[in-house]
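See below for the structure under consideration.
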Amino acid sequence: SSTMSVKLNALNSDSYIEVSQYRDQHFKGNRYEQEKLLKQSNTLYVGNLSFYTTEEQVHELFSKCGDVKRIIIGLDKVKKTACGFCFVEYYTRGDAENAMRFVNGTRLDDRIIRTDWDAGFKEGRQYGRGKSGGQVRDEYRQDYDPARGGYGKLAQQHRSTERPNSF
Amino acid sequence: MSRRRHSDENDGGQAHKRRRTSEPIEIEDRLESLICRVGEKSTSSLESNLEGLAGVLEADLPNYKNKILRILCAVARLLPEKLTVYTTLVGLLNARNYNFGGEFVEAMIRQLKETLKNNLYNEAVYLVRFLSDLVNCHVIAAPSMVVMFENFVSVTQEEDVPQVRSDWFVYVVLSCLPWVGKELYEKKDVEMDRLLSQIEGYLKRRVKTHVPMLQVWTAEKPHPQEEYLDCLWAQIQKLKKDRWQERHILRPYIAFDSVLCEALQHNLPPFTPPGHMPDAQYPIPRVIFRMFDYTDAPEGPVMPGSHSAERFVIEENLHCIIKTHWRERKTCAAQLLSYPGKNKIPLNYHIVEVIFGELFQLPLPPHIDVMYTTLLIELCKLQPGSLPQVLAQATEMLYMRLDTMNTTCIDRFINWFSHHLSNFQFRWSWDDWADCLTLDLEKPKPKFVKEVLEKSMRLSYHQRIVDLVPPTFSALIPAEPIFSFKYGDESGTSLPGYPVSITVSNAIKNRASNEEILAILKEVPNPNQEDDDDEGESFNPLKIDVFLQTLLHLAAKSFSHSFSALGKFHEILKNLTESDDGKLHILKVVYEVWRNHPQMIAVLVDKMIRTQIVDCAAVANWLFSQDMAHEFTRLFIWEILHSTIRKMNKHVQKIQNELEEAKDKLEKQQHKRVAPRDSGDDEDMEKNSEEDEEGQLEEQIERLQEKVESAQSEQKNLFLVIFQRFIMLLTEHLVRCETGSVDISTPWYKNCIERLQQIFLMHHGTIQQYMGTLENLLFTAELDHHILAVYQQFCALQL
């Protein structure tokens, strides 16, 4: 038997391109179908963007891994303005894999961004799913993030109901 | 299951590793794991781990011999940075089981033959080096190793073979000597002297036309950029002078000498180098990248000299570590920083030099450019107190030497530096580079800073760059990337196209149909024609101008808006650009409106090629046109050109793949037909439908064949256009300088001639198939020798 065909599992580690635990709850299909699509996908979800990050900036960064087919900026469902995520679709899977290896976890617009495999863009998925219109994570977070609308939506509500100090 | 996308503690995928270290179920997996992991950080010493592992493997030999053989052969080929760890292991096994040692050597020889047959020359080097180190472990008898080397070197006597073939055999022999030179000289010094003398003779008569094309810097100072065989020869010469005393390589087998010297050795079977095959792809020559010497690392251990064997071994090992771990930047960085023997060398300097060496390698880096950026960031994270300073020092040095740096390398430097800065809030001491402000803006230093600021702007925004640099740098700040609408301001109202632009704009906003818009455009006067009798079918530049300016202005908000516009009005655009003139003019207009936003120009051109509004040759002609001459040295021009060539190449590749697939399908069909089958009433029907299918496939193959030929013809034409344009421009410049008795070496000339080189280097695989045409039509002996030299250097890469 050929010695060349030996693939040493210990040496084939490519952990950055592995599919994560996240599954889209709105996905139309079963878990198996979703996983299959994730494993073949050329599309990445990109998270933790500033609300001010532009399509141009995303294009410049992600083009370092290959030709970008299209970018869809995530929008607040109500305001229709950018709400801090996007989809990047490449022409080939190999290019997307390089983005997972070399762009994920680095900075865009001074923020560490996250990339993850996506089953593929479908109309409607460009909108945030939080109650207020933005992303779910911005509903509940407690910290102050000026690039993502300040305090989380819930925290903002609490703040506005607090009585101002009076003398 | 968590619904959140990512926990913020994880930085990429490697957290998974922690969860994955479960017990391997199969014994084979366990063996693989044990063997692969030996030598890594451990509470026990390397020696005791090797001893222990040898015992385990010896016990498993009766049942798992073949598996163990295959794993060991694989690590020899795939983990060259751990060479001596595994040769020691094999040595211990051989001492315990002579037959196993013999079988291993045989398996290695078989593997060596296979790697050579498959053009895996770099891996073959590692295999030969492994065999040579087995001499040190008393597994292989020194005289038989010398015989193998003699067979390799005899390839230099072959006639009518490419130089790169004999280069490789000489390289293999020389590159083993740091490991085994001492031992071979002790046993067979006469033969070895003869060998080295033969090599010396060969190196003297080698042709080195290719060197200028592969050097990162053209200057010899401060560090000569040596051809790789010359450098290795100098290193071996010095090693020989030092009586083969080599102190850097980690040699675990020394600790086991008493055990190993009791072992019986095997003789290598006679190995005849496989003959030259016409489709062989030998490695192309290299130039050794040097940017540091011992004066650059003032504190701590001394950096081994450029002609020391130590330098060779360190660089080899660091390159191998990157080759093994490039996909996993955390592991890669950790492995580089835990290099054995790191306390005796200025490791950070070696790492930075090796990484830049790969990034700037000509023709192409071994891995994708962005990997190096991310790896350096990772290294800075792991060594925050020392590595960033070395990196800053390196950046400063690279800046200082820009005047003699190859243009392609400057491109990569620009892209690396701007991307790197974007990860560190663009913090840099720009004032240190104020010297570039006094120079002509076309000179390398100010040009570099200008391009860096432009790229930095793309990753941020214009005001950020304005705020970033001292006000003295204002001439180098990129323009604000806004649309230039000629029909938009006061002066526009008097232009001939103005009225129609208003009508068209309203029509588009009111969602008029394509027919309606075309009708409106019919009203645009044609400046190219005297009378209006013409039906308006011929090329009307003003029509294109009015429509496209208006459309792109409406869609200027973002890339997506502009793409959507191109898509919606595709029919009209195709109509307007039917002729070559039309295609050229549409590109002109795109440039005119977006000349302050080169990034937008690039993405629009890309879209227009993909939607066949323009073709690749039109883009090439446009970039080389007189209208674009003033932008000719800007980076974005070359990014567009190379992107265009790549699209063409991918297009041809795609159709070729489709053809191959169809041919495979037909072959399978034909085999099915020939195979005997159970007869039945359905046989006739089946037979007919199968013949139909075959007929369809044959038709499809014929069509695809035509498509391939047509695509290849378009590809060849593209390269011809590009090379022709280069020759015209360069010849013009050279003639002008000659008649005016002016020095030809202007910044423009340096840029242009190196851009020509770049075409050859970046697409050398594709261009090889058109060599005949190029030589007959373009790169003939009548050409100015400056231009012809570039072509000859390119040819020398595979001679």
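The values are calculated or read from the model by the stated rules, or taken from the named source; none is laboratory data. Quick caveat: nothing in here was measured; it's all calculated off a predicted structure. Positions of Cβ are backbone-derived with ideal geometry, glycine not excepted, and every protein chain shown enters the neighbour counts.
Details
- From the options B:I284, B:I321, B:I351, residue that is within 14 Å of chain A (Cβ to nearest Cβ) and either in contact with a Phe, Trp or Tyr (Cβ under 9 Å, 6 or more places away or on another chain) or part of a loop (DSSP other than H, G, I, E, B) (or both): B:I321
- Top-ranked residue of the stretch B:578-588 - restricted to ones that are in contact (Cβ under 8 Å) with a residue 12 or more places away in the chain and surrounded by fewer than 19 Cβ atoms within 10 Å (Cβ to Cβ), ranked as nearest to the other protein chains (Cβ to nearest Cβ): B:K588
- Filter pass, A:D95 being of a type in the set (D, E), crowded, with 20+ Cβ neighbours inside 10 Å and farther than 15 Å from A:N48 by Cα: yes
- When residues of the stretch A:70-91 are limited to those that are surrounded by fewer than 20 Cβ atoms within 10 Å (Cβ to Cβ) and facing chain B (nearest Cβ under 9 Å), the one farthest from B:K557 (Cα to Cα): A:Y91
- Single residue of A:D76, A:D24 found to be in contact with a Cys (Cβ under 6 Å, 6 or more places away or on another chain) and of a type in the set (D, E): A:D76
- Qualifying positions in the stretch A:116-157 - in contact with a Phe, Trp or Tyr (Cβ under 7 Å, 6 or more places away or on another chain) and within 14 Å of chain B (Cβ to nearest Cβ): A:D116, A:D118, A:A119, A:F121, A:Q135, A:A147, A:R148, A:G152
- Matching residues, the stretch B:417-444, being closer than 25 Å to B:N596 by Cβ and surrounded by 19 or more Cβ atoms within 10 Å (Cβ to Cβ): B:F417, B:S418, B:H419, B:L421, B:S422, B:F426, B:W433, B:C436, B:P444
- Of all residues making up the stretch B:196-221, the number that are touching a Phe, Trp or Tyr at 6+ places or on another chain (Cβ under 6 Å) and part of a helix (DSSP H, G or I): 1
- Test: residue in the stretch A:34-51 that is assigned to a loop (DSSP other than H, G, I, E, B), more than 30 Å from A:G149 (Cβ to Cβ) and away from every other protein chain (no Cβ under 11 Å): yes
- Filter result for A:S63 (part of a loop (DSSP other than H, G, I, E, B) and of a type in the set (S, T, N, Q)): no
- Matching option when the condition is at pLDDT 95 or above, within 20 Å of B:F289 (Cβ to Cβ) and of a type in the set (S, T, Y), among B:Y253, B:Y228, B:Y185, B:Y202: B:Y228
- Exclusive hit being within 14 Å of another protein chain (Cβ to nearest Cβ) and assigned to a loop (DSSP other than H, G, I, E, B), set B:P365, B:P384: B:P365
- The single condition among (1) more than 14 Å from chain A (Cβ to nearest Cβ); (2) farther than 23 Å from B:H764 by Cβ that B:W594 does not satisfy is (1).
- Per the listing B:A297, B:A309, the residue uniquely more than 28 Å from the chain's Cα centre (by Cα) and among the small types (G, A, S) is B:A297.
- Cβ-Cβ under 7 Å pairs, at least 6 apart or on other chains, the stretch B:443-467 side away from every other protein chain (no Cβ under 14 Å), far side of a type in the set (D, E, K, R) and in a helix (DSSP H, G or I): B:P444/B:D403
Every residue, every condition in (1) within 17 Å of B:V135 (Cβ to Cβ); (2) free of Cβ contacts under 8 Å to residues at least 40 places away in the same chain; (3) basic (K, R); (4) buried (at least 18 other Cβ atoms within 10 Å of the Cβ), yes or no:
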site: B:E220; (1), (2), (3), (4): no, yes, no, no
site: B:E226; (1), (2), (3), (4): no, no, no, yes
site: B:A234; (1), (2), (3), (4): no, no, no, no
site: B:F256; (1), (2), (3), (4): yes, no, no, yes
site: B:L260; (1), (2), (3), (4): yes, no, no, yes
site: B:L264; (1), (2), (3), (4): yes, no, no, no
site: B:D279; (1), (2), (3), (4): no, yes, no, no
site: B:Y282; (1), (2), (3), (4): no, no, no, yes
site: B:M303; (1), (2), (3), (4): no, no, no, yes
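- Identity of the residue in the stretch B:629-641, crowded, with 16+ Cβ neighbours inside 10 Å and in a helix (DSSP H, G or I), that ends up nearest to the other protein chains (Cβ to nearest Cβ): B:E639
- Yes/no for A:H26 being within 12 Å of chain B (Cβ to nearest Cβ) and surrounded by fewer than 18 Cβ atoms within 10 Å (Cβ to Cβ): yes
- None of B:L53, B:L78 is closer than 17 Å to A:N12 by Cβ, crowded, with 17+ Cβ neighbours inside 10 Å and out of contact with any strand residue (DSSP E or B) (no Cβ under 7 Å at 6 or more places or on another chain) except B:L78.
- Failed item in (1) farther than 26 Å from B:A219 by Cα; (2) away from chain A (no Cβ under 14 Å), with B:N423 passing the rest: (2)
- Odd one out for A:E18, checked against (1) in contact (Cβ under 8 Å) with a residue 60 or more places away in the chain; (2) facing another protein chain (nearest Cβ under 7 Å): (1)
- Only one of the listed residues (B:K687, B:K654, B:K665) is surrounded by fewer than 18 Cβ atoms within 10 Å (Cβ to Cβ) and within 14 Å of another protein chain (Cβ to nearest Cβ). That residue is B:K654.
- Qualifying residue in the stretch A:94-115 (condition: more than 14 Å from every other protein chain (Cβ to nearest Cβ) and outside any loop (DSSP other than H, G, I, E, B)): no
- Scan the stretch B:543-577 for residues that are outside any helix (DSSP H, G or I) and either touching a residue at least 24 places away in the same chain (Cβ under 8 Å) or under 20 Å from B:V619 (Cβ atoms) (or both) and the total you get is 3.
- Among (1) within 14 Å of chain A (Cβ to nearest Cβ); (2) not in a helix (DSSP H, G or I); (3) not hydroxyl-bearing (S, T, Y), the one test that B:R412 misses: (2)
- Checked against (1) over 30 Å from B:R205 (Cβ atoms); (2) within 14 Å of chain A (Cβ to nearest Cβ); (3) in contact (Cβ under 8 Å) with a residue 12 or more places away in the chain, B:L116 passes all but condition (1).
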